[in-house]
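The values are calculated or read from the model by the stated rules, or taken from the named source; none is laboratory data. Being a predicted model, the structure only gives us computed values, none of them experimental. Virtual Cβ from ideal backbone geometry, glycine too; neighbours counted across all protein chains shown. For the accessible areas, the whole protein counts, side chains as well, though only heavy atoms, and no ligand, DNA or RNA atoms are used. Shrake-Rupley method; radii C 1.70, N 1.55, O 1.52, S 1.80 Å.
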Amino acid sequence: MTDTEFEAWLADHAAQRVVLAELDHAAGTEYVATRPYISRPGDSDPNRIHDDLLAEAIDIETRIDARLTFGQVRLINDGELDPWLGYAWAGHEIRLYLGGPDWSRDDFRLHARGINQGITGARRGELAFGMVDQSAQLDEPIDTGTLPLDGGPVPLALGNVYNAPAFRVSTSALTYRASFLAVTGLAPKELGNGVPHTDDLSAGEFTLDNAPGGALTVDIQESHDTNDIPQWVASQYGLTVAENSLPSYAVGLYYADAVTGRQILDDLCQGQGGYWYLNALGELVVRQHLALSAPDLTLYADDIERDSLELIETQAPWSSLTLRWKRNFSPLREVAGTIEDNDAAEAERLKREWRESTATQSLPDYPQAEEVSRDSALATSADADTERDRLLALRAVRRDVWRMDAFLPQAEVGQAVTVEVGALAGRVGRIIAVRRAPTRGITTLEVWL
């Protein structure tokens, strides 16, 4: 079956559907379905019996805020499944496949992949499991190793990092660790003034010629930028990047404490109108909010369930935006006299946490327009000004969020959509949430306009 044929089948509201579930545990895999199903002899997994124990199809919600949620996996248990109570389920994978009851098993499509939270309920006639999406693994700290003398995690630097702390790692030499990853450049400073040193770039370390007499910090050049960081994060968790369409901005991220993949992706996207999520197949998608002009998808009145269209949120426009950029990761109270005397701008910069890029816009039609500030990982003035102006233009009008139930299973988060119904007609919005009920043929959408 081709993808086109599969999508045509999804669009057929009268088509019969079956969900197959594969539930892994420590001792193997169990196979269940929403109705009886046996794979064909010629399938890649031949003659596989799926007992009709899946009590309901699992609703799956994908959101632009990086959270994928699942309904419970509820199984019918007449006593036959009592031995399952002793299996080790938590942390193992659940896979859901969608297709027709008379299809070859090889024509089914992987509908969702998640992690079993374990048994959440067991009573007469029912066994229930919790299910979370694979982004939960991104909440696990990245192992960067440990500094000597219980100094905590080795710091992680990504990109162009300004004025970070440095940590001594030797009791016999003046050697300091700046980064877990190899770097392309290090510039250690005492009270902001450069000091003689020797680099070990592959180890993210440097050794001073003389003991520092004041606060020691370091500027770090590391090779990753906006285009590379999502792939680096994904590789730490064994994930695949399906898409990264953020602009090629220079950024600087630094973490002296334990850090998770979720935090890095959040910090990367914040301040440049970005968002990320794991799609239903567990792949990482990273995108930027853009002004929309042409829809990927058009919905008409017949595509929307009657009386389901609802305005659920309004967002005021922005009268000004202050975008903070090039963070100072170790602001100084005292700066070397040579810098105070010869470079007042740098002396002031060493004492402040952020540089700022601010712009305003006149919105006489919106007297309650908001003055907004955002932190960002951006590292250059040009990128900060560009992104500031883009975000401000995007929020020059009020934005609304509408919810609706559509007969359209194939809608995806991030798609541009036009809803040719009532007050929404002719406007192009972005889908920010999709909740699928695979066997009912209903997809609940939230659209940002």
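The table for this structure:
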quantity: Verdict on L363 being among the hydrophobic types (A, V, I, L, M, F, W, C), open to solvent by less than 60 Å² (accessible area, probe 1.4 Å), modelled with pLDDT of 90 or more and assigned to a helix (DSSP H, G or I); calculated: no
quantity: Conditions (1) open to solvent by 40 Å² or more (accessible area, probe 1.4 Å); (2) assigned to a strand (DSSP E or B); (3) at pLDDT 90 or above: number failed by L127; calculated: (1)
quantity: Selection within the range 266-289 - touching a helix residue (DSSP H, G or I) at 6+ places or on another chain (Cβ under 9 Å), free of Cβ contacts under 8 Å to residues at least 60 places away in the same chain and within 25 Å of L378 (Cβ to Cβ); calculated: G274, L284, V286, Q288
quantity: Residues (of a type in the set (K, R) and within 14 Å of the chain's Cα centre (by Cα)) located in the range 259-310; calculated: R262, R287
quantity: Condition check for T314: open to solvent by 30 Å² or more (accessible area, probe 1.4 Å) and over 30 Å from V218 (Cβ atoms); calculated: yes
quantity: Single residue of R395, R390, R374, R403 found to be in contact with a Ser or Thr (Cβ under 8 Å, 6 or more places away or on another chain), of a type in the set (K, R) and within 21 Å of V428 (Cβ to Cβ); calculated: R403
quantity: Pick from the range 130-150, criterion of a type in the set (A, V, I, L, M) and over 27 Å from the mean Cα position of the chain (by Cα), ranking: least open to solvent (accessible area, probe 1.4 Å); calculated: L147
quantity: A256 vs. criteria at pLDDT 90 or above, over 27 Å from the mean Cα position of the chain (by Cα) and over 30 Å from L449 (Cβ atoms); calculated: no
quantity: Top-ranked residue of the range 167-189 - restricted to ones that are at pLDDT 95 or above and open to solvent by 50 Å² or more (accessible area, probe 1.4 Å), ranked as farthest from the chain's Cα centre (by Cα); calculated: T184
quantity: Pick from the range 379-393, criterion within 22 Å of F329 (Cβ to Cβ) and aliphatic (A, V, I, L, M), ranking: surrounded by the fewest Cβ atoms within 10 Å (Cβ to Cβ); calculated: A382
quantity: Some residue of the range 317-329 being modelled with pLDDT of 95 or more, part of a loop (DSSP other than H, G, I, E, B) and among the aliphatic types (A, V, I, L, M); calculated: no
quantity: Strands (runs of 3 or more DSSP E) wholly inside the range 194-239 containing at least 2 residues that are of a type in the set (A, V, I, L, M, F, W, C), open to solvent by less than 20 Å² (accessible area, probe 1.4 Å) and touching a residue at least 24 places away in the same chain (Cβ under 8 Å); calculated: 205-208, 216-221
quantity: Matching residues in the range 155-189 - criterion: being out of contact with any helix residue (DSSP H, G or I) (no Cβ under 8 Å at 6 or more places or on another chain) and not in a strand (DSSP E or B); calculated: P155, A166, V169, S170, T171, S172, A173, L174, A178, S179, F180, L181
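One line per residue, one yes/no per condition, for (1) buried (at least 20 other Cβ atoms within 10 Å of the Cβ); (2) part of a strand (DSSP E or B):
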| residue | (1), (2) |
| --- | --- |
| I76 | no, yes |
| P83 | no, no |
| G91 | no, no |
| R95 | no, yes |
| D106 | no, no |
| L110 | no, yes |
| I115 | yes, yes |
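Yes/no matrix, rows are residues, columns are (1) within 23 Å of G125 (Cα to Cα); (2) at pLDDT 90 or above; (3) in contact with a strand residue (DSSP E or B) (Cβ under 7 Å, 6 or more places away or on another chain):
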position: R35; (1), (2), (3): yes, yes, yes
position: G42; (1), (2), (3): no, yes, no
position: P46; (1), (2), (3): no, yes, no
position: A57; (1), (2), (3): yes, no, yes
position: R67; (1), (2), (3): no, no, no
position: Q72; (1), (2), (3): yes, no, yes
position: N77; (1), (2), (3): yes, yes, yes
position: L81; (1), (2), (3): yes, yes, yes
position: Y87; (1), (2), (3): yes, yes, yes
